[in-house]
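The structure appears right after this line, and notes come after that.
Coordinate-derived values only; no laboratory data. This is a predicted model, so every value here is computed, not measured. Using ideal geometry, Cβ is built from the backbone for each residue, glycine included, and neighbour counts are taken over all protein chains shown.
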Amino acid sequence: MKRTWMCILASLFFLTLAVANDTATPGFIVIAPDRGYEGNEEIRQAYQGFQKGFESVLVFISLSADDEETVRTRLKEGVTLLRNKGAGEVVVLPMLLSDGDPHLRKAKALLGEVPNLRIAPAMGDHYLLAQILEERARELSQAPAKERFLVVGAGATSHEEAQEIRSVLDRLIAEVKHSMPFQETHSVVLYNSAGPEKVVREGNQKAQESLKSLAADKNLRTIVVPFHLGYKHTASMQTARTLEKMLKDLPVRLSEKEILPHSNVALWLRRRANQFVPPRREEMGIVVMIHGAGEYMNEALTAFVTPLSQRYNVEVAFGMADVETLQKAVETVEARGARRILIFRLYNLSLNLRDEMEYLVGQSQPPEVHHGHGHSLPRRLTSGAILYTAGGHDSDPLISQVFLERTLEVSQDPQRETVILLAHGEGDDSKNNYWLEQLTVQANFIQERAPKKFKAVVGATVREDWPDKREAAVAKVRSLIAEGSRDGGRVLVISARFVGAGSYRRMLDGLPYTLNAKGLAGHPNVTQWIEKQIEKWIEQTLRAEVTN
């Protein structure tokens, strides 16, 4: 009997240990190219901005045969150190542009077969890197439409590697072009001297010829940005000097800056690492994005969120996908320990600003809709946390219940009353039709749940921000009121807004109707709805597999 209980206890111990290992925070080996003294100092600075909050080690990868055993030892020591600190899994984070970079291939070969080791994707085509490239371009550019944008990579030891690096650069350039429409764009890759002599000589000769040919064409102003983690030992011993010699006496503007130093590299490391950290409820944050306006409207809107601050790491960001206010809120929530942040859109529709926010958090390409920043795309949000977005109540029953209560507050004789749920509306016809569909669901809810049936319950929008659509929309609403008021009928207009009734009084002036102008303000159902959506996101995130 005693032996049986010992076996059971042992089994439980190992089961607990296995579960703990499955959910334990991994350790990270950040690998970076050995760039020489100055370049390695830049890498160390970026690494220091990353390592807080992560068990990690930094290993420089040298391509020199003389350093092979040293690098192998450093990698093995890094794995052992992280294992001793309790890491059930070790993740290699390549501070490199391309998955085909020779430094990453070298690291993989020297590591060999290591149990529970994963290799994260390189950083090259992430929008945080595209932001760096765009900054470098803006420092040189005067009129992109009249300019040639030339980006120079480095580090290839074979033609295949050069092509992979060029592909990454081209994707980054395409991202930059969304905001800076250059007339021409090109990428060129310089070779690392560690490659075969003939390959390096031919590759660099071809790169030089291409650079000179493009730079010599005076039909366009040429700006050149070196975008790599190439050799940088001292002021005179670095890749930049090679590039300067190639472009000597040519009419170009050459950036003195490369990828580093820049804070986005540390942010990328944190963001990539967080993808491998198992999600935990206590490490999730919420930013509630609210349109807002004046003091008293903002006060009423903030009141929906205030009770949630007792249970969640939450901040409010006012505006319509305004990058500045969102960035501040995201930074605040992240500083409190959030590794994953939901930007929750406190809007009527799930469609409202969805495209804009998915772009800002890096989930999609630039939207073709109004984003509130003129014709220039806003800067995407910079954060080491993984960003998500959701929102819009559509026809959620919790919200429909509020509109039912607002209707009953002003109702006197349902059988002769026409109820109009009146909403802001959209300029885009398809989105406005979607809004009307949601209002119809809410109208049906009111009719079905009311103690007595109303004469009619309908939804309508006034499309108030779009003058070319507004006139017809308002005329339709006025017609509904006139029709519902005939023969002793009574019309109830229920403001289907978060706060107040906006310009409804002015639009409907002169007509006989009763207005409930409260909107959703002050009702606890809104807070319940927000919390329901937050919990839904948390549960989905906790269930989701940790991705690459």
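Using the 10 angstrom Cβ neighbour count as an exposure proxy, how do Ser430, Ser179 rank, fewest first?
Fewest-to-most ranking of Ser430, Ser179: Ser430, Ser179.
Under 25 Å between alpha carbons, and skipping anything fewer than 8 positions from Lys257 in its own chain: which lysines qualify?
Lys146, Lys177, Lys206, Lys212, Lys218, Lys232, Lys245, Lys248
Taking θ as phi - 60°, what are the ³J(HN,Hα) couplings along the stretch 24-39 by the Karplus curve (6.51, -1.76, 1.60), each to the nearest whole Hz, with x for Gly and Pro?
In residue order, the calculated couplings are 5, 5, x, x, 10, 10, 8, 9, 9, x, 6, 9, x, 4, 5, x Hz.
Pop out the Kirkwood hydrodynamic radius of the chain from its pairwise C-alpha distances, inverse of mean 1/r, in Å to one decimal. It would help to have the intermediate numbers written out before the result.
On the way: mean 1/r = 0.0367 Å⁻¹.
It is 27.2 Å.
If exposed means no more than 12 neighbouring beta carbons inside 10 Å and the site is in a DSSP loop, what's the longest run of the chain without any exposed trypsin sites (Lys or Arg not before Pro)? Kindly include the intermediate steps, with their values, before the conclusion.
Values: sites that count: Lys52, Lys85, Lys218, Lys248, Arg311, Arg336, Lys452, Lys453.
Here the longest segment lacking exposed loop sites spans 86-217.
Could you give the size of the charge dipole of the chain about its Cα centre, using +1 on the Cβ of each K and R and -1 on the Cβ of each D and E, expressed in debye and rounded to the nearest 20?
It works out to roughly 680 debye.
Please work out the C-alpha center-to-center distance from the stretch 293-367 to the stretch 37-114 and express it in whole Å.
After rounding, the separation between the Cα centres reads 36 Å.
So what are the ³J(HN,Hα) numbers for the stretch 55-62, from phi and the Karplus equation (6.51, -1.76, 1.60; θ = phi - 60°), rounded to whole Hz, Gly and Pro as x?
6, 7, 9, 10, 10, 7, 9, 9
Let a ≥ b ≥ c be the square roots of the eigenvalues of the Cα gyration tensor of the stretch 285-326; is it rounded (a/c under 1.5), or, if not, prolate (a/b larger than b/c) or oblate?
Note, shape of the stretch 285-326 comes out oblate.
Taking Cα pairs under 8 Å and at least six residues apart, what relative contact order does the chain come out at, in percent?
Computed over the chain, the figure is 12 percent.
Roughly how big is the stretch 397-516's charge dipole about its Cα centre, with Cβ charges of +1 (Lys, Arg) and -1 (Asp, Glu), in debye to the nearest 20?
With only Lys, Arg, Asp and Glu charged at Cβ, the dipole is about 320 debye.
Which order results if Met507, Met246 are arranged by neighbouring Cβ count within 10 Å, fewest first?
Details: Met507 18, Met246 21.
By the 10 Å Cβ count, ascending, the order reads Met507, Met246.
Nearest 10 degrees, 0 to 90: what angle lies between the long axis of helix 397-410 and the longest principal axis of the chain (Cα atoms)?
Once rounded, one gets 30 degrees.
Taking the Cα atoms of the stretch 281-392 alone, what are Rg (to one decimal) and Dmax (as a whole number) in Å?
13.4, 40
Hey, what number do you get for the chain at 222 nm if only DSSP H runs of n ≥ 4 count, each worth -39500 (n - 2.57), divided across all residues, to the nearest 500?
Calculated from helices alone, the mean residue ellipticity at 222 nm is -14500 deg cm²/dmol.
Under the Kirkwood approximation applied to all pairs of distinct alpha-carbon atoms, what is the hydrodynamic radius of the stretch 22-119 in Å?
Working: mean 1/r = 0.0730 Å⁻¹.
Value: 13.7 Å, from the Cα pair sum.
Per 10 Å bin, what is the whole-percent P(r) computed from every C-alpha pair distance within the stretch 397-516?
14, 49, 32, 4
Any idea which of His233, Val168, Pro196 is furthest toward the positive side of the dipole for the stretch 127-254, if Lys and Arg beta-carbons carry +1 and Asp and Glu beta-carbons -1?
Positive-end residue among those listed: His233.
What whole-number distance in Å separates the alpha-carbon centres of the stretch 436-500 and the stretch 373-418?
16 Å
Just going by the charge dipole of the chain, with Lys and Arg at +1 and Asp and Glu at -1 on Cβ, which of Ala273, Ala303, Gly427 is farthest out on the positive end?
Projecting each Cα onto the dipole axis, the largest value belongs to Ala303.
Any aspartates and glutamates with Cα under 12 Å of the Lys328 Cα? List them, leaving off those in the same chain fewer than 8 positions away.
Partners found: Glu315.
For the stretch 72-129, what is the charge dipole size about the Cα centre, in debye to the nearest 20, if Lys and Arg each add +1 at the Cβ and Asp and Glu each add -1 at the Cβ?
Its charge dipole is roughly 300 debye.
Work out from phi, with θ = phi - 60° and the Karplus expression 6.51 cos²θ - 1.76 cosθ + 1.60, the ³J(HN,Hα) of each residue of the stretch 185-192, listed in order in whole Hz, and give x for Gly and Pro.
For the stretch 185-192, the Karplus-derived couplings read 9, 8, 10, 9, 10, 8, 9, 8 Hz, x marking Gly and Pro.
What does the C-alpha gyration tensor say about the overall shape of the stretch 186-255? Classify as rounded when a/c is under 1.5, otherwise prolate if a/b is larger than b/c, or oblate. Could you put the intermediate results ahead of the total?
Numbers: a/c = 2.22, a/b = 1.39, b/c = 1.59.
Because a/c hits 1.5 or more and a/b fails to exceed b/c, the stretch 186-255 counts as oblate.
Among the aspartates and glutamates, which fall within straight-line cross-link reach of Lys532, defined as a Cα-Cα distance under 16 Å, with same-chain neighbours fewer than 8 residues apart omitted?
Partners within reach: Asp394, Asp396.
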